[in-house]
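The values are calculated or read from the model by the stated rules, or taken from the named source; none is laboratory data. Treat the numbers as computed from the prediction; the structure is a model and nothing was measured. Here Cβ is always computed from backbone atoms with ideal geometry, including for glycine, and neighbour counts include all displayed protein chains.
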Amino acid sequence: KHIEIVRNRALRLYELLKTSNIEFNGATEQGLSGADEPVIIALAATLHDVGHVVHRDKHPYYSIPLAADILDRFLPQFDFYDIEQQVRMKAEILHAILCHHTAEDPLTTEAGIIRVADALDMERGRSRIPYKKGGRGIDTLSSQAINRVSLQSGSDCPVLVKIEMINAAGVYQVDNLLKAKLRDSGLQEYVRIVAVNTRGGDQLVEQIEL
């Protein structure tokens, strides 16, 4: 489910940024076409957490050799990628996978999208199983406080991230997950975050810019 959410939100980020004519540099600097940008993003989002099969700790580094092996088998299935293009696509996808981790700064817009999209999976559904099993850590409680995350075109920026939460605990999730990933992603100037604190349905209590 996490992969599905990250992939969908990554492609939504891509759509909003392209609509605002934000320049992408990963595919083009490799001599690839603009049509390859969403392919890089979709495949990186799909494979970014494959390293979890080894261990959660340092999983981005374990993801690299595993994803590389998968791509070596997958990319040749596309008749429109010759061997040279396959190598370049693979390089961009692996870079985006590595840089979803905050220890590594993205060098491309495509990689920045994967980094931010990974943090946009923060609604309460993510913490449902830990919560039912008795988990009451701040990460779980913070996720439980977030009802909905939506990506919209902003009036003064390409992307408006609107986060609806039922109590202030959700701010922890935003500060320690989303803002940490947005920092040094290369997308900071294009994304604005607004948290809407609600109670009892859609009743607006307060709106906070973060």
Condition first: within 29 Å of V159 (Cβ to Cβ) and among the charged types (D, E, K, R). Can you find one or more residues in the range 69-83 that meet it? no
Would you confirm, using the coordinates I've provided, whether E84 is surrounded by 20 or more Cβ atoms within 10 Å (Cβ to Cβ), of a type outside the set (A, V, I, L, M, F, W, C), assigned to a helix (DSSP H, G or I) and more than 15 Å from the chain's Cα centre (by Cα)? no
In the range 104-133, the residues that are surrounded by fewer than 22 Cβ atoms within 10 Å (Cβ to Cβ) and at pLDDT 90 or above: E104, D105, L107, D121
Selection count where residues are at pLDDT below 85 and surrounded by 15 or more Cβ atoms within 10 Å (Cβ to Cβ), scope the range 166-194: 9
Candidates L71, L75, L47, L94 - the one that is under 25 Å from L151 (Cβ atoms) and crowded, with 16+ Cβ neighbours inside 10 Å: L47
